[in-house]
Amino acid sequence: MLLRKNLPKSINFWFCLLIIFTSTTMTSMTFAQSSPNTQLNYQVPPKVVADLIDVPPSPSMGLSPRGNWAALAQANNAPSINELAQPELRLAGIRINPLTNGPKQLFFFKKITLMKIATQEKKEITGLPADVQLSFPSWSPDEKHIALTNTTNTGIELWVVEIATGQARKLTEAKLNWALSRGLTWLSDSKTIVSLFVPENRGAVPGIQIVPNGPVTQESIGKTAPTRTFQDLLKNSYDEQVFEYYTTSYLGMVSLDGKLTKLGNPGVIRAIQASPDATAFLVQTTHRPYSYSVTSAYFPNRIELWSREGKLIRQLADLALSELVPVNFDSVLPGPRGYSWRSDTAATLCWTEAQDQGDATKPAEVRDRVFTLTSPFTSEPAVLVSLAYRYGGIEWSDKGFALASEFWNKTRAARTWIIKPDQASTQPNLLFDYSYEDRYADPGSRLFKQNALGRSVIMTSPHAKYLYLTGDGASSEGDRPFLDKLNLESHKTERLWRSEAPYYESPVTILDSDAKIILTERESKTEPLNYYIRDLVNNKLEALTNFPHPTPQFADVQKEQIRYKRADGVDLTATLYLPQGYLPKDGPLPLVMWAYPQEFKSAAAAGQVTSSPYRFVRLSYFGPQFLLAQGYAVLDDPTMPIIGEGDKEPNDTYLQQLVSSAQAAIDEVVRRGVADRDRIAVGGHSYGAFMTANLLAHSRLFRAGIARSGAYNRTLTPFGFQAEERTFWQAPDTYIKMSPFVHADKIKDALLLIHGEADNNPGTFPIQSERFYQAVKGLGGTVRLVMLPSESHGYQARESILHMQWEMIQWLDKYVKNAKPRETNK
């Protein structure tokens with residue numbers, strides 16, 4: 001075998017090994033101890049666990065634009081595998097249900113209840129079908145209607161609800177085309193809804209091409225074109241035809257009487273935005289040539305302005321196909337990007353363009369420049385602001401100012417500037433300058449209101465002296481959400497309110513002009529989230545909702561936020577759950593640690609306390625908490641910081657820091673007497689699965705591991721992964737060391753691998769688990785691979801989730817709870 005000359009000699013051995021193990025077969029290796037492949041029927045965990053999946057989620061609240069009404073939406077429970085296994089097309093990075101001409105997965109509501117905030121009067125919506133599948137509820141600017149969709153077996157219908165009567169009625173048949181772009185937009189007149197529709201008489205689906213015309217070819221002519229891993233790409237000319245068939249749509253306006261008006265010509269419309277005054281549309285259309293290397297987001301895009309009659313006003317840009325996808329997180333594609341409308345004016349466009357060709361490695365005083373273009377769109381674009389970092393967006397106000405944000409990932413820097421959009425000579429005024437990984441320093445997010453154009457603008461005090469901030473309120477005490485007012489002249493903040501123990505309460509919005517009455521969402525360890533009206537002057541609290549405890553049978557589960565230190569002095573945090581009824585005299589329990597590592601550039605930021613000890617204890621059927629019902633202790637989200645200060649790269653010491661964090665967590669739960677050091681398992685999902693495999697490969701701290709939907713061979717993600725920006729060829733030693741696949745021979749404890757057969761998350765191809773299973777199995781390890789049919793990165797079907805729970809319980813009971821002492825079980 002030829003060795004790669006551009007790799008250090010120290011890793012040539014590993015390179016050869018990887019080539020062997022990632023080939024399509026491993027027929028040369030057979031082991032008598034291996035269990036035969038089997039296809040099980042779906043299994044069900046014990047009833048006390050299985051019942052959790054049928055607990056209805058608490059309704060979510062959608063507040064009307066002026067805060068007078070709320071829509072309480074009740075989400076569906078997990079769909080059946082029959083629903084999930086519907087036909088699916090995987091084209092250019094999107095997944096399409098050909099029966100509905102919409103996305104394969106939509107989040108559905110089965111019921112929406114209206115509530116008047118002032119009187120708490122509730123009103124049920126009538127007129128909907130019995131088997132309704134609602135999505136995208138959207139308030140009209142005047143609060144008189146809600147637009148929403150109903151998905152049927154043949155397509156997506158547009159419906160509208162009249163708030164005064166609660167009556168729902170269908171505006172269109174199953175005509176919406178949400179294959180590529182989805183959403184409903186109200187125009188400012190509150191009488192017109194805009195969306196995308198399937199062209200009439202589009203004909204039959206292109207016939208399957210059984211006999212190929214020739215080979216599929218791709219070619220590179222020496223231009224550097226790194227790209228991260230993508231799934232569901234186009235493969236041939238037939239895929240191109242089918243992609244165009246399902247994604248071609250036309251822009252349509254629907255009036256409240258159901259009249260549908262077509263605008264412009266059909267095309268592969270990727271995005272539409274109506275101007276605030278509803279006189280123009282920003283339309284982004286994808287066109288050929290397509291690519292077999294990147295998703296449709298990187299296909300050529302034509303960006304145009306259309307009139308309300310569908311006539312072309314101006315072509316703004318025609319962006320070429322880009323197969324050069326920046327892997328540096330501070331790099332962007334060259335050319336204009338981020339088109340949007342100013343929400344404070346009738347019809348002014350805003351966008352940004354990189355001034356360094358999008359290359360973050362090039363020195364530049366100005367990285368991004370923001371431009372505007374005002375109706376009638378015949379003049380040259382005007383420069384709004386120039387930024388030294390990457391553009392992070394603009395928040396508009398109707399008081400003559402806006403907030404422009406910028407960031408730089410390499411240093412975790414974030415800045416916010418006060419700008420005067422209509423005073424070009426006014427210099428930006430720095431408002432915030434902080435590290436975005438420093439949660440303690442986060443100033444919070446602005447609150448918004450609706451203006452006369454029906455658009456969101458920054459909420460200010462009556463004379464525009466103050467704006468309002470709300471945030472998590474991260475602190476050494478845990479998260480304590482807050483409401484501040486900020487003086488726009490002095491930039492000083494005044495705290496108006498802060499969440500107090502033993503509750504976790506967070507502001508939703510301000511309900512009056514003087515910030516004396518606020519809407520909050522409130523919960524505690526034993527009380528589920530409900531909505532309240534809080535009077536800040538009189539310190540009164542009035543409940544708007546009274547959602548019951550979803551699992552009263554587990555109301556006494558014990559929860560504690562614990563803090564401890566890593567060997568290098570870094571402060572760590574975790575949430576410890578103990579089964580209800582547990583007493584210290586009961587002694588140590590088998591414990592499951594469920595985690596997800598995170599990279600930091602600062603040890604101080606890495607050691608900050610996360611979450612709150614006062615969040616409601618909900619036994620999630622997807623996370624690890626359901627194991628409490630089986631007698632396990634659960635250590636949830638123990639911080640696993642991977643730190644690289646200054647010029648150091650975090651991942652160069654990933655393994656050392658990972659094992660040290662795990663060791664510290666184990667030492668703490670053992671010190672507390674709640675866990676048996678010889679009966680602890682580790683688990684995680686996605687990057688947490690990667691963590692799990694590495695901990696089993698590089699330590700003997702755990703008796704078993706559960707790795708769901710992970711990636712284990714980093715040579716299969718050679719142009720970066722997670723927060724790693726370097727390529728394999730720039731940091732080969734790090735890639736090799738971090739790949740548990742390479743170290744499969746060191747895994748001596750039981751490993752359960754679970755993966756969705758249809759995982760389309762970049763980097764976590766199902767082959768990652770399949771090949772890792774083959775490696776551990778081939779080297780004599782104890783390993784089990786479970787592939788869930790029709791599931792993607794996160795599992796959805798009721799049958800899949802119940803089976804996942806069954807697998808986890810079986811594995812943990814065998815290899816952790818009832819495991820023999822390791823000394824006699826090697």
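The values are calculated or read from the model by the stated rules, or taken from the named source; none is laboratory data. Just so it is clear, the model here is predicted, and its values are computed rather than measured. Cβ: placed from backbone, ideal geometry, glycine included. Neighbour counts: every protein chain shown. The area values use the complete protein model at the heavy-atom level, side chains included, leaving out ligands, DNA and RNA. Shrake-Rupley method; radii C 1.70, N 1.55, O 1.52, S 1.80 Å.
Straight-line cross-link reach from residue 737 at under 16 Å between alpha-carbon atoms covers these lysines, not counting any fewer than eight positions away in the same chain: 9, 746.
Would you work out the relative contact order for the range 519-589, in percent, from Cα pairs under 8 angstrom that are 6 or more residues apart?
20
If you plug the beta carbon distance of residue 565 and residue 386 into 1/(1 + (r/R0)^6) with R0 = 35 Å, you get a FRET efficiency near 0.20. Computed per residue of the chain from DSSP H runs no shorter than four, each worth -39500 (n - 2.57), the mean residue ellipticity at 222 nm is -3500 deg cm²/dmol.
For the range 258-395, what does the alpha-carbon gyration tensor say about shape, rounded, prolate or oblate, given a ≥ b ≥ c as the root eigenvalues, a/c under 1.5 as rounded, and a/b over b/c as prolate? Oblate. In order along the range 134-149, phi translates into HN-Hα couplings of 8, 7, 6, x, 9, 6, 6, x, 8, 6, 8, 9, 10, 8, 7, 10 Hz, rounded to whole numbers, per the Karplus curve 6.51 cos²θ - 1.76 cosθ + 1.60 with θ = phi - 60° and x for Gly and Pro. Pull out a ≥ b ≥ c, the square roots of the eigenvalues of the alpha-carbon gyration tensor of the range 417-522, then state rounded if a/c is under 1.5, prolate if not and a/b is larger than b/c, and oblate in the remaining case. Oblate, because a/c is 1.5 or more while a/b does not exceed b/c. Can you tell me the length gained on complete extension of the stretch residue 366 to residue 86, counting 0.36 nm per residue apart and subtracting the Cα distance? Once the chain is fully extended between residue 366 and residue 86, it gains 95.8 nm. Of the peptides 308-320, 211-223, the ranking by mean beta-carbon count within 10 Å, highest at the top, reads 308-320, 211-223. Residue 191 contributes an accessible area of around 130 Å² to the protein surface, as traced by a 1.4 Å probe with all chains present.
Within the same chain, aspartates and glutamates fewer than 8 places from residue 516 are excluded, and of the rest, those with a Cα less than 19 Å from its Cα are 484, 494, 500, 505, 535, 542. Rounded to the nearest Hz, the phi-derived 3J(HN,Hα) couplings of the range 633-639 under the Karplus curve 6.51 cos²θ - 1.76 cosθ + 1.60 (θ = phi - 60°) are 7, 10, 9, 9, 6, x, 5, where x marks glycine and proline. The relative contact order of the chain, computed from alpha carbon pairs under 8 Å that lie at least 6 residues apart in sequence, is 9 percent.
So, by mean Cβ neighbours within 10 angstrom, what's the order for 804-810, 470-476 with the highest one leading?
With the highest mean Cβ count within 10 Å placed first, the list reads 804-810, 470-476.
Within the same chain, aspartates and glutamates fewer than 8 places from residue 399 are excluded, and of the rest, those with a Cα less than 13 Å from its Cα are 344, 422. Our coupling estimate for the range 336-346, obtained by passing each phi through the Karplus curve with A = 6.51, B = -1.76, C = 1.60 and θ = phi - 60°, is x, 7, x, 5, 7, 9, 5, 7, 9, 10, 5 Hz, Gly and Pro reported as x.
Mean separation of Cα pairs under 8 Å and 6 or more residues apart, divided by the residue count, gives the range 717-797 a relative contact order of 32 percent. So if R0 is 25 Å, what FRET efficiency would residue 259 and residue 761 give, r being the distance between their Cβ atoms, rounded to the nearest 0.05? Efficiency at R0 = 25 Å is approximately 0.05.
With a cut-off of 18 Å, note down the residues of the range 438-468 whose backbone N falls inside the zone around a label point 7 Å from the Cα of residue 487 toward its beta carbon. Only 460-468 pass the distance filter.
Can you pull the Kirkwood radius for the range 695-826, inverse mean 1/r over Cα pairs, to one decimal in Å? That comes to 15.7 Å for the range 695-826. Quarter the surface of the alpha carbon convex hull of the chain and you get the mean projected area, 37.2 square nanometres. Each peptide among 367-374, 592-599, 113-120 gets the average number of other Cβ atoms lying within 10 Å of its residues, and from highest to lowest they stand as 592-599, 367-374, 113-120.
In the complete set of protein chains, residue-level accessible area for residue 738 is approximately 0 Å², probe 1.4 angstrom. Remark: for residue pairs 144/465; 235/777; 122/175; 748/820, the C-alpha separation exceeds 22 Å in 144/465; 235/777; 122/175.
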